[in-house]
Amino acid sequence: MMGAERFRRIFERTVMACVDAGIAKGEVVHVDASLICADVSWESLAVRHVEAVEAESGDADPEAQAQVPRRNARQTGKCKKVCTTDPDASMATNGRNRRLEPSYKQHGVVDDLCGVVLDVKITTGEANEGQELLARLDAAAQSAGSAIKGATADAGYAYAKVFAGLEAREIEAIIPTKAEPIRSKVPLR
């Protein structure tokens, strides 16, 4: 039996072995998330809205589907592409290419001393990094068996809730603030 729980126990024992060997301390960590594109065919993408319309109307009449106000459906999130071959993957985009792709997201915590991975979790691609940070730090501290004293992360984690959670845990963090667009009320000459 090789389920997720068993792999998690093996992972945690490996982290403890690294701590015992002195190559990880779990005191200063670095946190980041990476998108992982799902290995699916683009032809397997479907539009969830079409299925909902067919279910409501009881038919698959193309003329009836054409009359459905798609614009409104997109705004409410009812018109969302899903992958029929891998429904756990969700449509997400990275900051570079801005193209929506079926993806997963890997959230990782790495020890500063020698780069030992202290914690990792895979979520759907649309999971927000800031919502995972505190739970990942708690899991890393538990795996390493020591309290985290310092952490670094990118601006994707810059949320008041994150800063409050770090303060409550007495973790000093270096997280840059999110860049805001410059809006000038006075026209430049």
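What to note about this one:
- Qualifying residue in the stretch 131-140 (condition: at pLDDT below 95 and assigned to a loop (DSSP other than H, G, I, E, B)): no
- For the stretch 146-156, the condition of being crowded, with 21+ Cβ neighbours inside 10 Å and part of a strand (DSSP E or B) holds for at least one residue.
- Qualifying residues in the stretch 13-46 (those that are more than 28 Å from residue 90 (Cα to Cα) and of a type outside the set (A, V, I, L, M, F, W, C)) - the one surrounded by the most Cβ atoms within 10 Å (Cβ to Cβ): 26
- Strands (runs of 3 or more DSSP E) (entirely within the stretch 72-114) containing at least 2 residues that are modelled with pLDDT of 75 or more and farther than 18 Å from residue 40 by Cα: 101-111
- Which numbered condition residue 124 misses (of (1) surrounded by fewer than 19 Cβ atoms within 10 Å (Cβ to Cβ); (2) farther than 28 Å from residue 89 by Cα): (2)
The values are calculated or read from the model by the stated rules, or taken from the named source; none is laboratory data. Keep in mind it's a predicted model, so treat the numbers as computed, not measured. A quick note on method: Cβ atoms are made from the backbone with ideal geometry, for glycine too, and the neighbour counts reach across all protein chains shown.
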